[in-house]
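The values are calculated or read from the model by the stated rules, or taken from the named source; none is laboratory data. For clarity, every value in this text was computed on a predicted model and none was experimentally measured. Heads up, the Cβs are rebuilt from the backbone with ideal geometry, glycines too, and the neighbour counts pull from every protein chain shown.
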Amino acid sequence: MEFKNITTEQEGAVLVATISRPEVLNALNADTIADIAKLVETVDNDDSIRVVILTGEGEKSFVAGADIGSISKCDEKAGQQLALAGQTAFTALEESGAVFIAAINGFALGGGCELAMACDIRLASDNAMFGQPEVKLGLIPGYGGTQRLPSLVGQGKAMQLILTGDMIDAAEAYRIGLVQEVYPASELMEKAGKMAGKIARQGPFAVTVCKALIDGSQDTTLLDGLDAEAELFGSICATDDMKEGTSAFMEKRAPEFTGK
């Protein structure tokens, strides 16, 4: 895989993708957003990748925000195009068939926080800091922050964080449900790797369907969601993986899933 600002390393079904602009704390520019979109497309076209750990280079920052220098030059049309590019890339990541785990090392501000929120699971180092500080620059979150943050932490807390522009630490992010786990910085990637490996060992089709159902639950009624769950439960019952998984359970052995 060749990217301008992302490095990758694959081990088995797990891919580690590292945003690599440490000289600017991995801030997002147009090339990096394009890289994220390309990463998702590449992953979705590669059946060997089931889980992606997304992190930032260095110990200081996951992604410190967007490229403010570029944004400062935007007029109305350019600003809208920039926001749409980021939203499109992050939504593609959110809707990917693979599971994305954000391993958040240090700052996750502005676009970095928005990128983390588009991931399926968020793990943080104990020195991580989160925030949507755009209002301090006379801006608003443009890559999904006003839409994803309320669904994760509630409308009131999202309103407080976005309107004040305040940063919160990893402990507070965990308390309000923005992240699922907090680890010492030295253990973050090891813990992320263990979680990714555990997910990668499960039935691939089942994991993809569970992700889609959980994501879809935010945009549908309970009854419609239950109907979709029942329909897909039936589809799962017709797969080779279901037969292998249930047989392995009864035979007291580890299953060998094929994604079929």
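Against the criterion of being modelled with pLDDT under 95, closer than 22 Å to E41 by Cα and in a helix (DSSP H, G or I), L115 does not qualify. Could you please let me know if I214 is surrounded by 13 or more Cβ atoms within 10 Å (Cβ to Cβ) and either assigned by TED's automatic domain parsing to the domain that holds L123 or assigned to a helix (DSSP H, G or I) (or both)? The answer is no for I214. Per the listing K252, K194, K198, the residue uniquely in a helix (DSSP H, G or I), among the basic types (K, R) and more than 30 Å from Q147 (Cβ to Cβ) is K194. Within 29 Å of Y174 (Cα to Cα), in contact with a strand residue (DSSP E or B) (Cβ under 8 Å, 6 or more places away or on another chain), of a type in the set (S, T, N, Q) and in the same structural domain as S125 (by TED's automatic domain parsing) - does that describe any residue in the stretch 43-56? Within the stretch 43-56, one or more residues are within 29 Å of Y174 (Cα to Cα), in contact with a strand residue (DSSP E or B) (Cβ under 8 Å, 6 or more places away or on another chain), of a type in the set (S, T, N, Q) and in the same structural domain as S125 (by TED's automatic domain parsing).
Where the second residue is surrounded by 14 or more Cβ atoms within 10 Å (Cβ to Cβ) and among the aromatic types (F, W, Y) and the first is on the phi > 0 side of the Ramachandran plot and in the same structural domain as D35 (by TED's automatic domain parsing) and lies in the stretch 65-87, which pairs have Cβ atoms under 8 Å and are six or more apart or on separate chains? As it stands, the answer is G65/F107, since those pairs meet every condition given.
Given the criterion crowded, with 16+ Cβ neighbours inside 10 Å, among the polar types (S, T, N, Q) and not assigned by TED's automatic domain parsing to the domain that holds L15, identify the matching residue among T239, T258. Can you show your working first?
Numbers: T258 fails: crowded, with 16+ Cβ neighbours inside 10 Å.
Of T239, T258, the one residue that is crowded, with 16+ Cβ neighbours inside 10 Å, among the polar types (S, T, N, Q) and not assigned by TED's automatic domain parsing to the domain that holds L15 is T239.
Can you give me the number of residues within the stretch 121-162 that are in contact with a Phe, Trp or Tyr (Cβ under 8 Å, 6 or more places away or on another chain), more than 16 Å from A173 (Cβ to Cβ) and not hydroxyl-bearing (S, T, Y)? So the count comes out to 1. In this structure, does L178 turn out to be touching a Leu at 6+ places or on another chain (Cβ under 8 Å), surrounded by 15 or more Cβ atoms within 10 Å (Cβ to Cβ) and closer than 30 Å to K60 by Cα? Judged against the criteria, L178 is a match.
For residues that are among the acidic types (D, E) and in a helix (DSSP H, G or I), scanning just the stretch 151-191, find the one that is farthest from V99 (Cα to Cα). Walk me through it before giving the result.
Step one: list which residues in the stretch 151-191 are among the acidic types (D, E), which gives 166, 169, 172, 181, 187, 190.
Checking which are in a helix (DSSP H, G or I) leaves us with 172, 187, 190.
Numbers: E172: 25, E187: 21, E190: 17 Å.
Applying the filter and picking the extreme gives E172.
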